[in-house]
1. Return the residue satisfying two criteria in turn: it lies in the stretch 82-97 and is surrounded by 24 or more Cβ atoms within 10 Å (Cβ to Cβ) and part of a helix (DSSP H, G or I), and of such residues it is modelled with the highest pLDDT.
2. What single numbered condition from (1) surrounded by 21 or more Cβ atoms within 10 Å (Cβ to Cβ); (2) under 17 Å from the mean Cα position of the chain (by Cα) fails to hold for F179?
3. Please go through the stretch 327-338 and pick out each residue that is open to solvent by less than 10 Å² (accessible area, probe 1.4 Å) and either farther than 25 Å from V175 by Cα or not in a helix (DSSP H, G or I) (or both).
4. How about the stretch 1-51: which helices (runs of 4 or more DSSP H) wholly inside it have at least 3 residues that are among the charged types (D, E, K, R), in contact with a Pro (Cβ under 6 Å, 6 or more places away or on another chain) and surrounded by 15 or more Cβ atoms within 10 Å (Cβ to Cβ)?
5. Determine, yes or no, whether P374 is part of a helix (DSSP H, G or I) and open to solvent by 30 Å² or more (accessible area, probe 1.4 Å).
6. Can you name the residue in the stretch 221-257 that is crowded, with 19+ Cβ neighbours inside 10 Å and farther than 28 Å from P423 by Cα and, of all such residues, is nearest to the chain's Cα centre (by Cα)?
7. Restricting to the stretch 387-403, count the residues that are crowded, with 17+ Cβ neighbours inside 10 Å and in a helix (DSSP H, G or I).
8. Could you tell me which residue of the stretch 348-364 is farthest from G159 (Cα to Cα), considering only residues that are part of a helix (DSSP H, G or I) and open to solvent by 40 Å² or more (accessible area, probe 1.4 Å)?
Amino acid sequence: MTSLTFVIMIFFILIGVPVAYSILGAGTLFLIISGMKPLLLIPQRMTTGLDSFPLLAVPLFIFVGELMDRGGISRRMVNWAESLLGWIPGGLGIVTIASCAMFAALTGSGPATVAAIGSIMIPSLVKNGYSLKQAAGMTAAGGALGPIIPPSIPMIIYGVTMSLSIPKMFIAGIVPGIFLMFLLIIINIFISIKNPQILKESRKRFSLKELIINTWKSLGALLLPIIILGGIYSGVFTPTEAAAIGVVYSLIIGIFVYKEIAIKDLLKLLVKSMETAAMINIIIAAANLLSWIMSATEIGKTIINILTQFIHTKATYLIVLMLILFIVGALMDTVAAIIILAPVLVPFGIQLGLDPLHLGMIFVINLVIGYVTPPFGYNLFTACSITGLKFNDIVKGVLPFLLIEIVAVFLFAFIPEIILFLPRIIG
């Protein structure tokens, strides 16, 4: 019966029903057919799923991203990155990827990163020799750094779901995020070398004076990640409190320092942030219902018993897990996938002796690659909306970057120290 519930849910998703309603519909049908519990359970489990203090960080970080975009913070960060990195071959592409990483370090949202950085950088990339699909694909791939480089909304969801330290996950995400950023830069340089026009047009002369000027102009923006991440890692405040401080800081910078946010704009920004946060929260609430059903029917134990018959080593488990998550990440929302699948798949890996933190990061990073994996990659749809390109063209542009991200995930899985050594050093 439970397996039929999953089939119904996937069917709903494939025919275009929104993810939250697909999950709710499948869960509701299960309760009606099985007669397991009264339907009053649905609002109860949905409410319970949202009753978590760390989840307050999600709408706050989304609002930080909106304030950064509107308040000129993201544009100043791009200018600073361009003056620092623009002299390298394929410099404008490197600036795009680095800007995605910096913006990601403040919002934790892939689509928000693509929208903010893409609207600034894609026209410049095209003007300097990149094809539109290359520019869009690069930005979409760079946006995938958002949920990996802390703070990260999927890490918050995973930490809440699996009772894993969110600050530890944030620390563990730093090295993989930077590593992925450099891999994307290498692919960009390779593309630039193959296209002499890009190599010539997208490179600018380095000017120390310009770097100093842009550093001064961007100082308010550059201090934001130091305040947010420094406060979390030093233990001064929690990720949720850090998100609130980020909102206040962004408001002060945008309204009083850069003077690019008018008071009348705040209501519009709040509504936009609430729409995005509501979409995420209803998925969290709906997924909690399905998670409860899986727990009540003990499907987790059934799956573990099945896996035990075929999987006897850590390596085999990791390969199977990553294949499952690559497929799921391309078909299902990341938040829903974490809440539904993590309690089922992760305990078996821990039984095999895998480190819970390493396993959690592999879980999140695999699903995040789904942001740029067809057919349902959020970043791909965001790139479509800001460029007007067809979905197939975006996929062609992102393909070389996607392949290197998949290679990186396998490295993270089988070389755990890439993820674990920094948390161990910091303690």
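The values are calculated or read from the model by the stated rules, or taken from the named source; none is laboratory data. Only a predicted model underlies this, so the values are computations on that prediction, with no experimental measurement involved. Quick reminder, even Gly has a Cβ in these numbers, built from the backbone with ideal geometry, and neighbours come from all protein chains shown. For accessibility, only protein heavy atoms count, side chains too; no ligands or nucleic acids. Shrake-Rupley method; radii C 1.70, N 1.55, O 1.52, S 1.80 Å.
1. Checking each candidate, the answer is I97.
2. Among (1) surrounded by 21 or more Cβ atoms within 10 Å (Cβ to Cβ); (2) under 17 Å from the mean Cα position of the chain (by Cα), the lone unmet condition for F179 is (1).
3. A336 - this is the single residue of the stretch 327-338 that is open to solvent by less than 10 Å² (accessible area, probe 1.4 Å) and either farther than 25 Å from V175 by Cα or not in a helix (DSSP H, G or I) (or both).
4. Per the criteria, no element qualifies.
5. The answer is no for P374.
6. Ranking the candidates gives S250 first.
7. The qualifying residues number 9.
8. Step by step, filter the stretch 348-364, then rank; the result is Q351.
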